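Rule-based calculations on the coordinates, nothing more; no lab input. Please read all numbers here as calculations on a predicted model, not as lab measurements. Don't worry about glycine lacking a Cβ; one is built from the backbone with ideal geometry, like all the others, and counts go over all protein chains shown.
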Amino acid sequence: MKRLFLLGCLGALFLSLAGCDKPEVKTIDLSKKETPVPKVAPSHKKPLRVAVGGMITPKEGFAYYRQFLDYLGAKLGRPVEYVDRENYAEINNMLKSGDIDVAFVCSLPYVNGHDEFGLELLVAPQAYGKTVYFSYIIVAKTSAINRFTELRGKTFAFTDPLSNSGKLVPTYMLACMKTTPERFFSKYIYTYGHDKAIKAVAQGLVDGAAVDSLIWDYADHVNPVYTANTRIIEKSLPYGIPPVVIRAGLDRQLKEEIRKVFLTTHEDNEGREILKKMMIDRFVVIDNSAYDSIRAMKAWVEKR
């Protein structure tokens, strides 16, 4: 049974750190290797380096991200290099240093990168008609646990230290309960992948986990072998969807060319087919304010 998290604290963070209301979300969605996209003809242009975090999609979905980068390179007439990284900290460091140009990241790494070194929004995916997503708290299908509070003294899986849905949200929930992961759980681990966290719960390696709703829903639709053995016991409030970001300092004209390809992908048959496989409706422009509730939540937890 799905339940909304009892997160009364978040909304009132914009008025005082002691309150508890619902936030408003505003909007205007393989292996380790780096290889050039094969579809693009040889070019004198410098390759565009694009990172896809290992947490962004289940393993089954990476092939479609590679297809999308093929498509992007062909539309730009420029080589595109796919960069796969296992954690968000490494991706943010590469964006900061200029080692990569564009990245699919989680919402919290965007917030951190924007506030720390001027990381910019490029576009956001729209999925199921919206540009928001949720954190799901899951347990095994046969588990007797029905509430997050019942996970006290149990084992738990986070995804990445910088994941919003997979770390910040459940940590915030615990802070609202005046406790911490260290005090609440008997043990917790990082899986560095939402699909890996789902699998850990399904196989009984941990009692519960916090996962990205988009990834759980994708896996449940495409390959439900593990989601079928899990159960969602709580569902968070909505947050700004994990965006596509671009490093500060990238040539302004190139940035607009890249954005145009993303925003028009749904307008031709090849692009629509790729997006369908990614379970994305289209890419849209999103405003920085869509992530204010995450900033507020992060600030509140850090003051505790």
- Using θ = phi - 60° and Karplus 6.51 cos²θ - 1.76 cosθ + 1.60, couplings along the range 275-285 (whole Hz; Gly, Pro as x): 4, 4, 5, 7, 6, 10, 5, 5, 9, 9, 6
- Message: Quick query: amide H of Asp287 versus all other amide H atoms, modeled in the peptide plane; which residues come in under 5 Å with a sequence gap of 5 or more or a different chain?
- Response: Ile28
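Where both residues lie in the range 129-269, what percent of DSSP beta bridges are antiparallel, nearest 5?
On the way: 12 of 18 bridges.
Among the beta bridges of the range 129-269, antiparallel pairing accounts for roughly 65 percent.
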- Message: Between Ala228 and Lys277, what is the label-point separation in nm under the 7 Å Cα-to-beta-carbon projection?
- Response: 2.4
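Order by neighbour count: Met173, Met55, Met94, fewest other Cβ atoms within 10 Å first, most last. If you can, show how the numbers build up before the last one.
Working: Met173 25, Met55 32, Met94 18.
By the 10 Å Cβ count, ascending, the order reads Met94, Met173, Met55.
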- Item | Mean Cβ count within 10 Å, highest first, over the residues of peptides 202-215, 174-187, 107-120 | 202-215, 107-120, 174-187
- Task: Sort 96-102, 129-135 for me by packing, meaning the mean count of neighbouring Cβ atoms within 10 Å per residue, highest on top.
- Result: 129-135, 96-102
- Message: On a 31 Å Cα-Cα criterion, which of the cross-link pairs Lys59/Lys154; Lys59/Lys96; Lys235/Lys260; Lys96/Lys196; Lys235/Lys277; Lys96/Lys235 come out too long?
- Response: Lys235/Lys260; Lys96/Lys235
- Could you rank the peptides 258-271, 237-250, 159-172 by their average count of other C-beta atoms within 10 Å per residue, with the highest value first? 159-172, 237-250, 258-271
- Message: I need two numbers for the range 131-185: Rg to one decimal and Dmax as a whole number, Cα atoms only, in Å.
- Response: 11.5, 35
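Treat every Asp and Glu Cβ in the range 38-138 as -1 and every Lys and Arg Cβ as +1, leave all other atoms uncharged, and give the resulting dipole magnitude about the Cα centre to the nearest 20 debye.
Details: 11 positive and 11 negative charges, 92 e Å.
Roughly 440 debye, rounded to the nearest 20.
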